[in-house]
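Before any comments, here is the structure.
The values are calculated or read from the model by the stated rules, or taken from the named source; none is laboratory data. Everything numeric in this text was worked out from a predicted model, so none of it was measured. Note that we place each Cβ from the backbone using ideal geometry, even for glycine, and neighbour counts take in every protein chain shown. We work out accessible area using only protein heavy atoms, side chains counted, and drop any ligands, DNA or RNA first. Shrake-Rupley method; radii C 1.70, N 1.55, O 1.52, S 1.80 Å.
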Amino acid sequence: MPDWSTLYSEQPVEELPWFHEALDPDLERALEEWPPPGPVFLDLGTGPGTQAIELSRRGFDVIGADISRAAIEQASHRAAVEDASLAFIQDDILNSKLQGPFDAILDRGCFHIFDENDRVAYVHAVARLLPRNGLLYLKCFSSDQPGDDGPYRFSRDEIAEAFHPAFELLAADATVYHAVRRPMPQALFCVLQRR
């Protein structure tokens, strides 16, 4: 995995491949079609905090978490400048100190960096943080994305298998990774419900 603190310390966040200032359009659609059972939201791997800030503007009670202290500092500064009311915390989802429960979790690029062994720990961690019927909104690289540089790629069936039996896959839509990278990578946007 990259050295996340170095990335966020040495490069403007607006130039990072996953940066997207507005609410991800796939998440925006999913919130209408698959609304969470309550207002408490975790933005997992929050990075620059843009998604967490946009969720807070829509009335959610949001915590943004990231393994990088530099990312958390930048996200907190961005929220203060934009007068957004939310909290940010440094945390490693594979060894998480978060307590929850959260009604929903957004993962817009965390799961797809983990190898097969770490994915098991990841699924266990997010399952612990969500109550029954809680939702995980997951965006990841798709198996339709050519090449092998960058994150791991997944098909709908691979996502369903990775999260079984703790989650039911409600939707897995082909899309693109809305960000600064061009061309925009092929992605899957998934909605998973905690059993």
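Rounded, prolate or oblate: which fits the range 7-113, taking a ≥ b ≥ c as square roots of the Cα gyration tensor eigenvalues, rounded meaning a/c under 1.5, else prolate when a/b beats b/c? Write down the numbers at each step before the final one.
On the way: a/c = 1.44, a/b = 1.27, b/c = 1.14.
Verdict is rounded for the range 7-113.
Of the trypsin sites (Lys or Arg not before Pro) in the range 61-122, which ones lie in a loop per DSSP and count no more than 11 other C-beta atoms within 10 Å?
Values: sites: ARG69, ARG78, LYS97, ARG108, ARG119; in loops: LYS97, ARG108.
For trypsin sites (Lys or Arg not before Pro) across the range 61-122 that sit outside H, G, I, E and B with at most 11 neighbouring Cβ atoms in 10 Å, the list reads LYS97.
For the chain, what is the calculated [θ] at 222 nm in deg cm²/dmol (nearest 500), taking -39500 (n - 2.57) for each run of four or more DSSP H residues and dividing by its residue count? Show your work: numbers first, answer last.
Numbers: 6 runs with 59 residues, N = 195.
Taken over the chain, the calculation gives -9000 deg cm²/dmol.
What whole-number volume per residue, in cubic angstrom, does the convex hull of the C-alpha atoms of the chain give? Before the final figure, lay out each step's value.
Numbers: hull volume 20.7 nm³, N = 195.
Spelled out: Cα convex hull of the chain, divided by residues, is 106 Å³.
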**Request:** Express the carbon and sulfur contribution to the solvent-accessible surface of the chain as a percent, rounded to the nearest whole number, probe 1.4 angstrom.
**Result:** 49
**Message:** So if I take the centroid of the Cα atoms in the range 36-77 and the same for the range 106-169, what is the distance between those two points in Å?
**Reply:** 19
**Item:** Solvent-accessible area per residue, Å², over the range 57-113 with all protein chains present [probe radius 1.4 Å]
**Value:** 48
**Asked** Relative contact order of the chain: what whole-number percent is it, with Cα pairs under 8 angstrom and at least 6 residues apart?
**Response** 21
**Fill in**
Interchain or sequence-distant (5+) residues whose placed amide H lies within less than 5 Å of the amide H of PHE154 are SER142, SER143
